[in-house]
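Below is one structure, written out as structure tokens, with a few remarks after it.
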Amino acid sequence: MMAFIFIRVEVDQVSKVASQIMKVEGVEEAHEVAGDIDIIARVSARNIDDLSKIIFKIRGINGVQSTDTRIVLASYSK
């Protein structure tokens, strides 16, 4: 299963947090973005339990304020 995790981060911690997020098993990409979300991470997990573990590892990173997760139901590409 694939999911996107929207992450809010403390001021001036975005790059540091992004590098820590990339160390979490299951995280495939992390993007710094503009707006009310600071980082979007694309993750891959075998099941909902593994996804939950990834989310809690990200939440445990120093500087992370909150997360909001979207599970992918279907994907389309050109």
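A residue that is at pLDDT 95 or above, under 25 Å from Ala74 (Cα atoms) and either hydroxyl-bearing (Ser, Thr, Tyr) or surrounded by 14 or more Cβ atoms within 10 Å (Cβ to Cβ) (or both) can be found somewhere in the stretch 13-22. For the stretch 54-78, a residue qualifies if it is of a type in the set (A, V, I, L, M) and either part of a loop (DSSP other than H, G, I, E, B) or free of Cβ contacts under 8 Å to residues at least 24 places away in the same chain (or both), and the qualifying residues are Ile61, Val72, Leu73, Ala74. Scan the stretch 29-52 for residues that are more than 14 Å from Phe6 (Cα to Cα), surrounded by fewer than 14 Cβ atoms within 10 Å (Cβ to Cβ) and among the charged types (D, E, K, R) and the total you get is 2. Across the stretch 23-43, the qualifying residues are those that are part of a loop (DSSP other than H, G, I, E, B) and either of a type in the set (Val, Ile, Thr) or under 9 Å from the mean Cα position of the chain (by Cα) (or both), and the one among them that is nearest to Phe56 (Cα to Cα) is Val24.
The values are calculated or read from the model by the stated rules, or taken from the named source; none is laboratory data. Quick caveat, the model's predicted, so the values are computed rather than measured. We place every Cβ from the backbone using ideal geometry, glycine too, and count neighbours over all the protein chains shown.
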